[in-house]
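**Q** Next up is a structure, given as structure tokens.
The values are calculated or read from the model by the stated rules, or taken from the named source; none is laboratory data. Please read all numbers here as calculations on a predicted model, not as lab measurements. Heads up, the Cβs are rebuilt from the backbone with ideal geometry, glycines too, and the neighbour counts pull from every protein chain shown.
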Amino acid sequence: MRLPQVAETDTPQTQDAPGEFVLYDEYMTRVYVADTLTEERSALRLMLLDLNMEVVGEAADWVTTLAQAPVSRTDMLLVDWDLLPRTSPSIALDELRRICPAALVIILISHLDARQQAALSSGADAFISKGETPERVAERLRSVAASVRP
């Protein structure tokens with residue numbers, strides 16, 4: 001639910017789009033989105049909001065992801081496979097797990113191939129193909145979110 005900014009200055013406000021705020025729900029799944037493409041981040045943000053999940057941050061590069069994700073208190077990290085350093089994706093995911101130990105890591109993959117297995121064996125909790133229908137992506141996100149809710 002989008003609300004205008006509340007007058008209380010001591011209440012943390014989560015901004016999901018410039019100038020708009022969402023009411024914090026203690027049972028909302030908090031999601032950090034890291035994808036190289038702005039339009040894909042935007043589409044994911046809209047889908048996550050429709051699924052009653054809170055987008056707590058976004059990044060278009062790996063360095064920003066490592067800097068912002070830990071302070072976002074995220075439950076779930078959606079990470080574009082192409083964002084990971086090519087030379088050492090498993091080391092990168094290990095570092096992400098170290099700094100966000102409570103978060104589930106979901107890898108977004110553009111092409112279905114051996115990278116699926118690489119993503120899972122590199123430390124991801126799940127993967128979602130970017131080629132799936134929006135309904136299938138939403139179904140996978142709901143399924144993963146169910147595992148982080150109390």
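**Q** Taking Val144 as meeting all but one of (1) at pLDDT 90 or above; (2) not in a strand (DSSP E or B), write down the number of the exception.
**A** For Val144, the exception is condition (1).
**Q** For segment 63-77, which residues satisfy the criterion of being hydrophobic (A, V, I, L, M, F, W, C), farther than 10 Å from Ala103 by Cβ and under 13 Å from the mean Cα position of the chain (by Cα)?
**A** The answer is Leu66, and nothing else.
**Q** Residues of segment 82-93 being of a type in the set (A, V, I, L, M, F, W, C) and out of contact with any helix residue (DSSP H, G or I) (no Cβ under 6 Å at 6 or more places or on another chain), which ones?
**A** Once the filter is applied, which keeps residues that are of a type in the set (A, V, I, L, M, F, W, C) and out of contact with any helix residue (DSSP H, G or I) (no Cβ under 6 Å at 6 or more places or on another chain), segment 82-93 yields Ile91, Ala92, Leu93.
**Q** Oh, and also: If you check Ala119, Ala124, which single one turns out to be surrounded by 20 or more Cβ atoms within 10 Å (Cβ to Cβ), within 15 Å of the chain's Cα centre (by Cα), small (Gly, Ala, Ser) and at pLDDT below 90?
**A** After ruling out the rest, the residue left standing is Ala124.
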